[in-house]
Amino acid sequence: MAGRFIHVRRVEFADTDMAGIMHFSALFRFMESAEHAFLRSLGFSVTLNDIDPDLGLPRVHAEADFRRPFRFEDEIEIELKVREKGRKALIYDFTMRRFGDPERTVGAVGSLTVVCVRRDTEGGMAAVELPRSLAEKIEAD
């Protein structure tokens, strides 16, 4: 079972502001990128189409804090930890550092809460239990 995952991603030009510093909104894309890589490492897609095309994992809460700036072309190590695994939801914590930093200085932290939902034919969503095949492969760290 997995509860921790490391993903490395480079800060692209589109991730930065006019000063060449990573824009705050990019933190959320980096966290989501790490989550998608984590689920792929377990043999799943974030869409859950391979399990049931009516299921989804929307974000219901997201937060992030910069501690130090990241800049254009920095490689960022994104550590994902499953803080909490409930019957219907997962809470991920993220810690981001410059890849290869010998001091392992934290540049940003964040979290995402995702809930498993079933979509109905009219676009509504209702929370449902995480699919067993996915839940069995994830543990809280």
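The values are calculated or read from the model by the stated rules, or taken from the named source; none is laboratory data. Worth saying up front: this structure is predicted, and the values here are computed from it rather than measured. Using ideal geometry, Cβ is built from the backbone for each residue, glycine included, and neighbour counts are taken over all protein chains shown.
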| query | Would it be correct to say that M18 is surrounded by fewer than 12 Cβ atoms within 10 Å (Cβ to Cβ) and farther than 20 Å from A127 by Cβ? | reply | yes
| task | Please work out which residue is surrounded by the most Cβ atoms within 10 Å (Cβ to Cβ), limiting yourself to segment 98-139 and to residues that are in contact with a Lys or Arg (Cβ under 8 Å, 6 or more places away or on another chain) and under 17 Å from A37 (Cα atoms). | result | L112
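Given the criterion surrounded by 14 or more Cβ atoms within 10 Å (Cβ to Cβ) and not charged (D, E, K, R), identify the matching residue among F13, F44, F24.
Working: F13 fails: surrounded by 14 or more Cβ atoms within 10 Å (Cβ to Cβ); F24 fails: surrounded by 14 or more Cβ atoms within 10 Å (Cβ to Cβ).
Of F13, F44, F24, the one residue that is surrounded by 14 or more Cβ atoms within 10 Å (Cβ to Cβ) and not charged (D, E, K, R) is F44.
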| said: I'm trying to understand the selection: among the residues of segment 25-74, which are in contact (Cβ under 8 Å) with a residue 24 or more places away in the chain and hydroxyl-bearing (S, T, Y)? | reply: S33, S41
| query | All but one of (1) modelled with pLDDT of 95 or more; (2) assigned to a loop (DSSP other than H, G, I, E, B) hold for I76; which doesn't? | reply | (2)
| field | Complete set of residues in segment 68-112 that are within 15 Å of F5 (Cβ to Cβ) and of a type in the set (K, R) | value | K81, R83, K85, R97
| query | How about segment 116-135: which of its residues are modelled with pLDDT under 95 and in a loop (DSSP other than H, G, I, E, B)? | reply | D120, T121, E122, G123, G124
| remark: Counting only residues that are in contact with a strand residue (DSSP E or B) (Cβ under 7 Å, 6 or more places away or on another chain), closer than 17 Å to R98 by Cβ and outside any loop (DSSP other than H, G, I, E, B), segment 1-54 contains a total of 14
| query | Got a sec? Which of T113, T95 is assigned to a strand (DSSP E or B), farther than 30 Å from M18 by Cβ, polar (S, T, N, Q) and touching a residue at least 12 places away in the same chain (Cβ under 8 Å)? | reply | T113
| request: Could you tell me which numbered condition E84 fails, if it satisfies all but one of (1) outside any strand (DSSP E or B); (2) farther than 30 Å from A14 by Cβ? | output: (1)
